Amino acid sequence: MKKTIIDMKGIVKSFYIGSPNELEILHGIDINVKEGEFVSIVGQSGSGKSTLMNIIGALDRATRGDYILDGVPLRLCDDKRLSEIRNKKIGFVFQNFNLISRTSALKNVELPMLYSGVPKAERTKRALELLEIVEMTDRISHMPNELSGGQKQRIAIARAMANDPSIILADEPTGALDSATGRLVMDLFHKLHKEQGKTIVLITHNPELAEETDRILTMKDGLIVDDKPGKGMSVAEEEAGA
């Protein structure tokens, strides 16, 4: 029986836009994700996906409700503890890559380990191993401005794996890429899911990509309105009859 790694109950998020005005974005979200699941969250712009992603990633706090992340009740954590949890338990992959511009690919991947106090030799060894997984060993000394969009995203995925997180949280990771490059990136997520057993939460507006995941959660107007199974396989696996 796989353990629950994301357990959200009654998550409400409100923003205060000047007293007495209050704008409620999430109206009571319940989400349960098991260890090793590949889950997508889909919805139109304005549905609340980004707000929910920030709470799942411990980048923001819920206004009300309970969120237990890998056994830790986040409402009991102070900001320092939340920062530690983000760094160790969650690997982030964003649409715009978020790489440090004047830092090599290798150093970008090492960065989360630097914050965690990993010794230099160990950081470099693991970063090189991760760059090999994403097939970027020939670009370790390149700066982000010397890399294509797809190469930047592969570096970002390697960086997300730096501290061996429980969860990879990917926010529109193919949104800035052409379809062929996006395909390569999506195949890499499938590889991490199947070969390393990573729990992956994919935020996307692309229904075709969502279909490749184990489960599809659909958001509308700040609520989860559908929770259905996906195919759980890549396009190549489907074509091969896997």
Across (1) closer than 28 Å to P112 by Cα; (2) out of contact with any Phe, Trp or Tyr (no Cβ under 7 Å at 6 or more places or on another chain); (3) surrounded by fewer than 21 Cβ atoms within 10 Å (Cβ to Cβ), N21 clears everything bar (1)
_Taking the conditions exactly as written (closer than 30 Å to G230 by Cβ and not β-branched (V, I, T)), does K49 satisfy them or not?_
yes
Across (1) more than 26 Å from S45 (Cβ to Cβ); (2) hydrophobic (A, V, I, L, M, F, W, C); (3) surrounded by fewer than 15 Cβ atoms within 10 Å (Cβ to Cβ), A180 clears everything bar (1)
| Within the range 189-197, is even one residue open to solvent by 60 Å² or more (accessible area, probe 1.4 Å) and closer than 21 Å to A105 by Cβ? | yes
The strands (runs of 3 or more DSSP E) lying wholly within the range 1-86 that contain at least 2 residues that are hydroxyl-bearing (S, T, Y) are 4-16
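One line per residue, one yes/no per condition, for (1) open to solvent by 30 Å² or more (accessible area, probe 1.4 Å); (2) aromatic (F, W, Y):
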site: I5; (1), (2): no, no
site: I11; (1), (2): no, no
site: F15; (1), (2): yes, yes
site: E35; (1), (2): yes, no
site: I55; (1), (2): no, no
site: A58; (1), (2): no, no
site: Q95; (1), (2): yes, no
Would it be correct to say that P207 is open to solvent by 20 Å² or more (accessible area, probe 1.4 Å), at pLDDT below 95 and not basic (K, R)? yes
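Listed here are the residues, each with its yes/no results for (1) modelled with pLDDT under 95; (2) over 19 Å from the mean Cα position of the chain (by Cα).
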{"position": "I6", "(1), (2)": "no, no"}
{"position": "V12", "(1), (2)": "no, yes"}
{"position": "F15", "(1), (2)": "yes, yes"}
{"position": "G18", "(1), (2)": "yes, yes"}
{"position": "K34", "(1), (2)": "no, no"}
{"position": "K49", "(1), (2)": "yes, no"}
{"position": "Y67", "(1), (2)": "no, no"}
{"position": "R81", "(1), (2)": "yes, yes"}
{"position": "S104", "(1), (2)": "no, yes"}
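The values are calculated or read from the model by the stated rules, or taken from the named source; none is laboratory data. Note that the structure is a prediction, hence the values are computed from the model and not measured. Note that we place each Cβ from the backbone using ideal geometry, even for glycine, and neighbour counts take in every protein chain shown. The area values use the complete protein model at the heavy-atom level, side chains included, leaving out ligands, DNA and RNA. Shrake-Rupley method; radii C 1.70, N 1.55, O 1.52, S 1.80 Å.
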